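Presented below is the structure to which this report refers.
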Amino acid sequence: MPAMFKLDHVTFAYPHQAPLIQDLTIGVPTGQLTCLVGPNGSGKSTLFKLLTRSQKPQSGTVTMDGQDVWAYSPREFARQVAIVHQHNPVYDEIKVRDLVVMGRLPYQSLLSDLPATDEKGEAILAELGLTDLVDRPLLTLSGGQQQLVWLAAALNQDAQAIFLDEPTTYLDLHFQVNFLKLLQRIQAQRQLTIVMIIHDLNQALQYGQHCLLFKEGQVVDSGAPEQVLSAERVSEVFNLDCYQVATPAGMRLFQN
Ligand SMILES: Nc1ncnc2c1ncn2[C@@H]1O[C@H](COP(=O)(O)OP(=O)(O)OP(=O)(O)O)[C@@H](O)[C@H]1O
């Protein structure tokens, strides 16, 4: 399976700490939705940071399309990779339309102003059902609506890969399901590589095509979610007594 991102023998330690990640070799498959799962503190965000260049490994390499991620200019990297953080810094007054236009920054010449609007952004806003909200300040929207706007900005960036850090954490069940279904549809239509940190293992089973399971800085298993998230494996990694049930919607996990 072709991998857009690869870690090759990566070792990483935070300053003045013992290595958290040691000699890790993994791939993130091209054109699939990959879920990063594992207990709190197991290293999911750290891998996310290594892949998105907010941390550098002490040894080993992180590559995107065969080239070291650090060899790309920030602009080249931003044309390939969009990131939706859990807490996105934002100007108080910024309006929905302006935020989505900012997705075009990596394509903008340094000396020219961003356009007030762009056709592509408007089409994405319409696709995500946000047209009625374009003139609203972002911070006046609900958490679920804001999350959709950040996704719209990421899509407007026209990147081949989108990274999302726990995108459903603050959403109610209805918004969670809508968001994940939308992500799944967009991923399939645009053949995007999506990497998402997610805590809900049943959502990883339902929406993921690939899964990396973390424990104490190591990836203990990777592959199809139904195989990786076996009752045995999840029980061991999360120290819980779990069982899997085949439902009409696919395999699901429950706890005793
Ligand atoms: N900036 C930092 N400096 C020092 N240690 C850190 C730093 N960031 C994370 N760590 C430590 O690295 C380990 C892994 O953290 P990480 O945030 O990658 O885990 P996680 O799986 O994303 O956790 P969670 O599910 O709780 O968000 C933890 O022990 C954490 O305390």
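The values are calculated or read from the model by the stated rules, or taken from the named source; none is laboratory data. Note that the structure is a prediction, hence the values are computed from the model and not measured. Neighbour counts are summed over all protein chains in view; Cβ atoms, including those assigned to glycine, are modelled from backbone coordinates with ideal geometry.
Within the range 112-132, the set of residues being of a type in the set (A, V, I, L, M) and closer than 22 Å to Leu173 by Cα comprises Leu128, Leu130. Entry remark, the range 163-188: residues being aromatic (Phe, Trp, Tyr) and buried (at least 19 other Cβ atoms within 10 Å of the Cβ) number 2 in total. Among the residues of the range 231-252, those that are among the hydrophobic types (A, V, I, L, M, F, W, C) and not in a helix (DSSP H, G or I) comprise Leu240, Cys242, Val245, Ala246, Ala249, Met251. Is there a residue in the range 231-239 that is free of Cβ contacts under 8 Å to residues at least 40 places away in the same chain and either under 19 Å from Val149 (Cα atoms) or of a type in the set (Val, Ile, Thr) (or both)? Within the range 231-239, one or more residues are free of Cβ contacts under 8 Å to residues at least 40 places away in the same chain and either under 19 Å from Val149 (Cα atoms) or of a type in the set (Val, Ile, Thr) (or both). With respect to the conditions (1) part of a strand (DSSP E or B); (2) within 21 Å of Arg97 (Cβ to Cβ), Cys211 falls short on a single one, namely (2). Taking every residue in the range 81-108 that is of a type in the set (D, E, K, R) and pairing it with any residue that is part of a strand (DSSP E or B), at least 6 positions away or on another chain, the pairs with Cβ-Cβ distances below 7 Å are Glu93/Pro137; Lys95/Pro137. Every test in (1) under 26 Å from Gln184 (Cα atoms); (2) at pLDDT 95 or above is passed by Glu127 save one, and that test is (2). Of all residues in the range 18-47, those that are over 19 Å from Phe238 (Cβ atoms) have Cβ atoms under 9 Å from Cβ atoms of residues that are of a type in the set (Lys, Arg) and more than 7 Å from the ligand (Cβ to nearest atom), 6 or more apart or on another chain, in Thr25/Lys6; Ile26/Lys6; Gly27/Lys6; Val28/Lys6. Take the residues of the range 77-111 that are farther than 24 Å from Leu171 by Cβ and in contact with a Gly (Cβ under 8 Å, 6 or more places away or on another chain): which is surrounded by the most Cβ atoms within 10 Å (Cβ to Cβ)? Result: Val101. Checking each residue in the range 119-155 for being touching a Lys or Arg at 6+ places or on another chain (Cβ under 6 Å) and under 20 Å from Ala82 (Cβ atoms) picks out only Val134.
Of all residues in the range 13-65, those that are within 12 Å of the ligand (Cβ to nearest atom) and part of a strand (DSSP E or B) total 3.
Listed here are the residues, each with its yes/no results for (1) under 30 Å from Arg136 (Cβ atoms); (2) among the β-branched types (Val, Ile, Thr).
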site	(1), (2)
Thr25	no, yes
Val37	no, yes
Ser73	no, no
Val84	yes, yes
His87	yes, no
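A quick yes/no check of all residues on (1) touching a helix residue (DSSP H, G or I) at 6+ places or on another chain (Cβ under 9 Å); (2) of a type outside the set (A, V, I, L, M):
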{"residue": "Leu151", "(1), (2)": "yes, no"}
{"residue": "Gln157", "(1), (2)": "yes, yes"}
{"residue": "Thr168", "(1), (2)": "yes, yes"}
{"residue": "Leu182", "(1), (2)": "yes, no"}
{"residue": "Leu192", "(1), (2)": "yes, no"}
{"residue": "Gly208", "(1), (2)": "yes, yes"}
{"residue": "Gly223", "(1), (2)": "no, yes"}
{"residue": "Leu229", "(1), (2)": "yes, no"}
{"residue": "Thr247", "(1), (2)": "no, yes"}
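Listed here are the residues, each with its yes/no results for (1) surrounded by 13 or more Cβ atoms within 10 Å (Cβ to Cβ); (2) at pLDDT 95 or above.
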site: Leu213; (1), (2): yes, yes
site: Val219; (1), (2): yes, yes
site: Pro225; (1), (2): yes, yes
site: Cys242; (1), (2): yes, no
site: Val245; (1), (2): no, no
site: Pro248; (1), (2): no, no
